[in-house]
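See below for the structure under consideration.
Just so you know, all these numbers are worked out from the coordinates, no wet-lab data involved. What you see is a predicted model, and the numbers here were worked out from it, not measured in a lab. In this analysis, Cβ positions are derived from the backbone assuming ideal geometry, glycine residues included, and neighbour counts consider all displayed protein chains.
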Amino acid sequence: MRLPQRRRVTQLGLLLALLGVWQALSSLGVLDPEIASSPAAVASAWWRWFTSGDLVRDCATSLGRVGLGMLLATGVAVPLALAAGAIPALDRQLAPVVELLRPIPPIAWVPLALLWFGIGVRAAAAVVFVGAFFPIFTAVYTGVVEVDASKVNAARSLGAGRRQVMMEIHARAALPSLFLGLRVGVGMAWMSVIAAELVGVRSGLGYRIQLAQTLLQTDLVIAGMLTIGAVGLCMVAALGAVERLTIPWHTRPRRELRTA
Amino acid sequence: MAHATAARAPDGVTAHIDVSRVSKAFERHGKVVRALDDVSFAVPTGRVLAIVGPSGCGKTTLVNIIAGFERPDAGTVSALGRPVTGPSASRAVVPQHYALFDWKTVRGNVEFALKAKGISRGERRALATDHLERVGLASVAELYPAELSGGMKQRLAVARALAVEPPCLLLDEPLAALDYQLRLRLQNELTAMLERARQTAVVVTHDVDEALYLADEVLLMTGSPGTIDSVVRVSLPRPREPYMRNMPEFAELRQVIWDALGLVEARQPQQEGITPACAS
């Protein structure tokens, strides 16, 4: 979505207004700095965090876990969803398992993950895996199952075999669903890794916030939260860019051709 | 009269498509809907059969059964002398809403068909260009279906089906989504195309003129349960030309079909008929 320059600027209006109100309330002494630091204090805490090199390290740690967990989740969820969509017998066996495990929040897996994998990257990646798996699986499965039957029929009536129909109809038609799943999945993955770091995994952005809270560094807590938000936003935006490049037929604006 | 003997293949002519005593029922909202009831007809080699009837009379079900997408509850269908057990490139379909592959370019849609036919990767490109040129789409080969006009989509659906060089072609409401003028123009293209390729074709339509313009025989169906009402032979030479629409024979056949479908009274307006609006 490429907005005209002016609209992009006005889109930031509310954000800037909120910052202004927040700063004003802080300057007037309405907000207790121990409970809600001023934007200026948050900014300077962020800057100290950044110049120490810890910010980049914390981000890299958390992102690495998300990357690994997402890779595993995508690698398992996509083939499984394709297979479940194509093979009803497998689908029937899989459905109760998926439906039982899906409602368990990723954070509830943290104790088990810590027991199994220790406190390092593997435990965090396992929690990310759980968070990202279900959105990706569900989206791809839905995409495959809801592929327009008339397109499958058209392909078969042209003489296409099972393999060509699977690879060029089901898998391709499900691509927009895959990207939807990845967008939701990466959001879940990001939330999962922060949650895991808050409650047990001892490094990364979540752990930084938790540490700052115990040291009563409220400004750093808020700086950390905003950073988490910003990184999450960037991940979804990056995914959107990849999506536009990968499936231009789905996202490309329509050029109307009215010559019959 | 469930058996359309008029559509039987004459002796010595192979019936390319043979539908024999086909019945099919569905369950919808707990009720059994008899979509087809004891339907029989045959299409001789190189002939075009149009199926006309009101919505819900089982036209599309019939085409789906011939295509092999659905199995009949009773009766048999054979094509090229073999029983139909599933879809096959020998009975390519131009589907109702085209069913183009949105994720492939115009060229990609045709190349898909060529790949299904077993054409090697190296030859596909040039062949696809040939097929697209034939329907006037070579200049938009790299666009996606979403970027095409309705007429272009229709032509692409036809080009894609013809790319597998099917002996039989099934067209399900091929022009229903187009405006009137475009429909007339594409009817000319279709009649020329069917003549050139000498395909055996089944065209489903609810447009009586279209059926008469394209087909050698028009099968009239009535609904619930879907049965064959009668068969009308169109003895005008093919390919049809636009002037034929105005021939008395064409008008008579149209009236025959209208009568059979119970659509329009044939009587000339007299005293109690149509009176000019300004007279009173």
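On a 0 to 90° scale, report how tilted helix B:150-162 is relative to the longest principal axis of chain B, with both axes built from alpha carbons and the result rounded to the nearest 10. Between the helix axis and the principal axis of chain B, the angle is about 70 degrees.
When chain A is treated as a GNM with alpha-carbon contacts under 10 Å, the residue of A:Val30, A:Val193, A:Val144 showing the greatest mean-square fluctuation is A:Val30. With the cut-off at 1.5 for a/c, could you classify chain A from its C-alpha gyration tensor as rounded, prolate or oblate? Judged from the Cα gyration tensor, chain A comes out oblate (a/c at least 1.5, b/c at or above a/b).
Modelled this way, with points 7 Å down the Cα-to-C-beta line, the labels at B:Tyr243 and A:Val199 are 8.5 nm from one another.
Answer rounded, prolate or oblate for segment B:77-124, using the Cα gyration tensor with square roots of eigenvalues a ≥ b ≥ c: rounded when a/c is under 1.5, else prolate when a/b is larger than b/c, else oblate. Display every interim value, and only then the final one.
Values: a/c = 3.73, a/b = 1.51, b/c = 2.46.
Verdict is oblate for segment B:77-124.
Is any residue of segment A:197-238 close enough, with backbone N under 16 Å, to a label point placed 7 angstrom from the Cα of A:Ala40 along the Cα-Cβ axis, and if so, which? Once the point is set 7 Å along Cα→Cβ of A:Ala40, A:219 turn out to lie under 16 Å by backbone N, inside segment A:197-238. Highest mobility in the GNM of chain B, judged by mean-square fluctuation with C-alpha springs under 10 Å and restricted to B:Thr85, B:Thr222, B:Thr200, is found for B:Thr85.
Which FRET efficiency value, to the nearest 0.05, do you get for A:Leu115 and A:Ser52 by plugging their Cβ-Cβ distance into 1/(1 + (r/R0)^6) with R0 = 35 Å?
The formula returns an efficiency of 0.60 here.
Do you know the relative contact order of chain B, to the nearest whole percent, from alpha carbon pairs under 8 angstrom that are 6+ apart?
24
Residues A:Thr218, A:Thr51, ranked from the fewest to the most other C-beta atoms within 10 Å, line up as A:Thr51, A:Thr218.
Past 28 Å, Cα to Cα, is the threshold; run B:Lys31/B:Lys153; B:Lys117/B:Lys153; A:Lys151/B:Lys115; B:Lys59/B:Lys153; B:Lys59/B:Lys115 against it and keep the listed order. Checking Cα-Cα distances, B:Lys31/B:Lys153; B:Lys59/B:Lys115 exceed 28 Å. Cβ crowding within 10 Å ranks B:Ile66, A:Ile228 as A:Ile228, B:Ile66, fewest other Cβ atoms first. Counting beta carbons within 10 Å around each of A:Arg172, B:Arg107, A:Arg57 and listing the fewest first gives the order A:Arg57, A:Arg172, B:Arg107.
Between B:Tyr180 and B:His29, the modelled labels are 3.4 nm apart [label points 7 Å from Cα along Cα→Cβ].
Could you tell me whether segment A:111-260 comes out rounded, prolate or oblate from its Cα gyration tensor? Rule is a ≥ b ≥ c as square roots of the eigenvalues, rounded for a/c under 1.5, then prolate if a/b exceeds b/c, otherwise oblate. The shape class here is oblate. In this label model, A:Val145 and B:Ser235 are separated by 5.8 nm, measuring between points 7 Å along each Cα→Cβ vector.
In this structure, A:Ile104 and B:Ser55 have a Cβ-Cβ separation that, at R0 = 56 Å, corresponds to a calculated FRET efficiency of about 0.70. Across the alpha-carbon atoms of segment B:30-181, the computed radius of gyration and Dmax are 16.8, 53 angstrom. Here A:Leu16 and A:Leu71 are evaluated by their C-beta separation; at R0 = 51 Å the FRET efficiency comes out at 0.85.
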